[in-house]
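As structure tokens, the structure follows; a few thoughts come after it.
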Amino acid sequence: MEKKTTVGIADMKIIRQEGVLITYALGSCIGVSFYDPVLKLGALLHIMLPERGNDANLLKYADSGVKETLRKLHAFGAVKSRMICKIAGGAKMFEMKGPGGLGNIGERNAQSVKRALMAEGLRVSSEDTGANYARTMLLDVGNGKVSIRSAGKPEKFL
Amino acid sequence: MNNYQEMNEIQLDLLKELGSIGGGNAATALSSILGTKVNMALPKVEMLGFNEALALLGDPEEVIAAILVEMSGGVEGIMLFLLSKEFSDEILYRMLNKPPVDLFELDEIDISGLTEIGNIVISSYVTAMSSLSSVEMELSVPQFAVNMLGGIMSMPMAMMGQYSDQIMMITGEFQIDGKALHSDMLLLPDVRSLEVLMKKLGVN
């Protein structure tokens, strides 16, 4: 049995060599996996909102979360040009108006993550976003495989 | 008030009382639809981080049914009625005489029945709160979803999480005919609305 490390909401974990990073039931939130295959170094980030105001919680937001994750990965020796990034989540579970026009929060989260990655010279190599269902995202740092589990659907590899 | 943590004991007690009156009213409404005794356990007011809030509600991957209504007007926030499969089965059996069914296999009649139940229960809850506090509250059209608990909670949490790293949940669980089948009635008030509510109720 592979060792699993759980990533919560507004949270990020880094592991290397072996083990699986897992974040459960992404709805409108986004899971972003970062993987350097040479070092077998992986990170999984779970953000909740698109843009950071002046909140101290960096991992809650797409823009600051991506930046903070890359800063930490860099400290572990990760090289940006080798980095493989994948994203999942950004679903719309309900049609909501919400305060602050947050009704399309999932879509805005996805766009914000992509923008933040692009600003760092990174692109999303594959994604499973949108629609109206939750996704559990796993990153196996032994081989870099990213899989998606959804209720009532077969497992999917990104 | 900018943060849920700034609330004092008296304010929390008052919210519990509101939840209790709202929940009692909702239980009465559910009881008259189902034609059986329905109680609501004493509500709890919880202020928790996102991960703790989710852990309290259950397994994030558990598939549940949910009815969501947005509140606007004097109080902004979200009302969410979460039904486990067992709870949904019990309601569908009592209303439509249906055998247990997988939540993904619900047909249109099941869905509209459950949505209507959710709507009535939520409206009764909010009406009681509104008349007690004399704060006008408008409700959106109810929406129904079946999915993983974590996914269902993500949008409400994101909305409440815009201004805080904690969310406030006023929770209550229904018992049908003495049976504790898992369900949760959640009131998620926007932190800025709480002030309005407290002022109207004469607590500062």
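Among the residues of this structure, B:P99 does not count as one that is within 13 Å of the chain's Cα centre (by Cα) and at pLDDT 90 or above. Checked against the criterion of being more than 13 Å from the chain's Cα centre (by Cα) and not polar (S, T, N, Q), the candidates B:E70, B:E61 yield just one match: B:E61.
Among the residues making up the stretch B:104-125, a single one is of a type in the set (F, W, Y) and more than 14 Å from chain A (Cβ to nearest Cβ): B:Y125.
Residue selection: B:A128 fails the criterion of being part of a helix (DSSP H, G or I) and within 9 Å of chain A (Cβ to nearest Cβ).
(1) in contact with an Asp or Glu (Cβ under 9 Å, 6 or more places away or on another chain); (2) buried (at least 19 other Cβ atoms within 10 Å of the Cβ): which one isn't true of A:D128, the others all being true? Here A:D128 meets the rest and fails (1). When you look at B:M71, is it aliphatic (A, V, I, L, M), away from chain A (no Cβ under 14 Å) and out of contact with any Phe, Trp or Tyr (no Cβ under 8 Å at 6 or more places or on another chain), yes or no? In short, no.
Here is a yes/no grid of residues against (1) in a helix (DSSP H, G or I); (2) within 21 Å of B:M157 (Cα to Cα):
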| site | (1), (2) |
| --- | --- |
| B:T28 | yes, no |
| B:E52 | yes, yes |
| B:E61 | no, yes |
| B:E90 | yes, no |
| B:I111 | yes, no |
| B:S124 | yes, no |
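Could you check, for the stretch A:110-129, whether at least one of its residues is touching a Gly at 6+ places or on another chain (Cβ under 7 Å) and modelled with pLDDT under 95? Scanning the stretch A:110-129, I find no residue that is touching a Gly at 6+ places or on another chain (Cβ under 7 Å) and modelled with pLDDT under 95, so the answer is no. Considering the stretch B:85-101, and only residues there that are in contact with a Gly (Cβ under 8 Å, 6 or more places away or on another chain) and either buried (at least 23 other Cβ atoms within 10 Å of the Cβ) or of a type outside the set (A, V, I, L, M) (or both), the residue that is farthest from the other protein chains (Cβ to nearest Cβ) turns out to be B:R94. Here the condition is being under 17 Å from B:M160 (Cβ atoms) and free of Cβ contacts under 8 Å to residues at least 40 places away in the same chain; of A:G8, A:G27, it holds for A:G8 alone.
Inside the stretch A:1-40, residues that are crowded, with 22+ Cβ neighbours inside 10 Å and farther than 18 Å from B:G150 by Cα make up a count of 4. On the basis of being within 11 Å of chain A (Cβ to nearest Cβ) and either at pLDDT below 85 or within 18 Å of B:L80 (Cα to Cα) (or both), does B:A145 make the cut? So B:A145 fits the description; yes.
Here is the figure for the stretch B:156-178: residues that are within 8 Å of another protein chain (Cβ to nearest Cβ) and either free of Cβ contacts under 8 Å to residues at least 60 places away in the same chain or at positive phi (or both) total 2. Against the numbered list (1) more than 9 Å from every other protein chain (Cβ to nearest Cβ); (2) crowded, with 17+ Cβ neighbours inside 10 Å; (3) part of a strand (DSSP E or B), B:E138 comes up short only at (2). For A:L158, indicate whether it is modelled with pLDDT under 95 and under 25 Å from A:T5 (Cα atoms). So A:L158 passes the test. Name the single residue, out of those in the stretch B:183-197 being modelled with pLDDT of 85 or more and more than 14 Å from chain A (Cβ to nearest Cβ), that is nearest to B:E6 (Cα to Cα). Ranking the candidates gives B:L187 first.
The values are calculated or read from the model by the stated rules, or taken from the named source; none is laboratory data. Quick caveat, the model's predicted, so the values are computed rather than measured. Cβ: placed from backbone, ideal geometry, glycine included. Neighbour counts: every protein chain shown.
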